[in-house]
């Protein structure tokens, strides 16, 4: 029996300078084995123009934990160096926690130093580097290996004022 998923309305997530604004939700797709997801824009200093995007996948599947990750992000080139990705992760951790996730995984290309640093700044712990399985979308896109970072949301959120 499949449980009906209910999206929440996280409103605007804000750290004082950076806003993470919900732009889209996508329901699960059992045929493709996709879990429900949220898509947000990163906006700096009250700007309407996005500085980047961040996605949150809600679920506990083998692929999310193993090689895909719960969170994906991109920061536009002119906005890089401001820690927007790490700060956005910290903001959407609250949404993940509200959906019952206590551990979140983020993966990145081993050669992407900026993304590795983002994971560390956001509070992740490097676990290992794994091969992307053949036959997956990521493999078809040319991705062969990923570094896996584990985030203990209870620990991370308990260190913030709003948990």
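Values quoted throughout were computed directly from the atomic coordinates according to the rules given, and no laboratory measurement underlies them. Model, not experiment: these values are computed from the prediction. Here the Cβ positions follow ideal geometry from the backbone for every residue, glycine too, while neighbour counts run over all protein chains shown.
Using packing as a proxy for protection, rank 24-33, 104-113 so that the peptide with the highest average count of other Cβ atoms within 10 Å comes first. Could you put the intermediate results ahead of the total?
Numbers: 24-33: 11.3, 104-113: 17.9.
Taking the mean over residues of other Cβ atoms within 10 Å, the ranking is 104-113, 24-33.
Considering the Cα positions of the stretch 68-127, please state its Rg to one decimal place and its Dmax as a whole number of Å.
11.5, 35
Please arrange 99, 125, 70 by counting, for each residue, the other beta carbons lying within 10 Å of its beta carbon, fewest first.
Working: 99 15, 125 12, 70 26.
In increasing order of surrounding Cβ atoms, one gets 125, 99, 70.
Calculate, for residue 12 and residue 74, the FRET efficiency according to 1/(1 + (r/R0)^6) with r their C-beta to C-beta distance and R0 30 Å; round to the nearest 0.05. The partial results should precede the final answer.
Numbers: r = 20 Å, r/R0 = 0.65.
Efficiency at R0 = 30 Å is approximately 0.95.
Using a ≥ b ≥ c from the Cα gyration tensor of the stretch 20-96 (square roots of the eigenvalues), is it rounded, prolate or oblate, where a/c under 1.5 gives rounded and otherwise the larger of a/b and b/c decides, a/b for prolate?
Working: a/c = 2.37, a/b = 1.90, b/c = 1.25.
It is prolate, given that a/c is not under 1.5 and a/b is the larger ratio.
Which value in deg cm²/dmol, rounded to the nearest 500, describes the helix-derived mean residue ellipticity at 222 nm for the chain, given -39,500 (n - 2.57) per DSSP H run of n ≥ 4 and division by the residue count? The partial results should precede the final answer.
Values: 4 runs with 34 residues, N = 163.
The per-residue figure over the chain is -5500 deg cm²/dmol.
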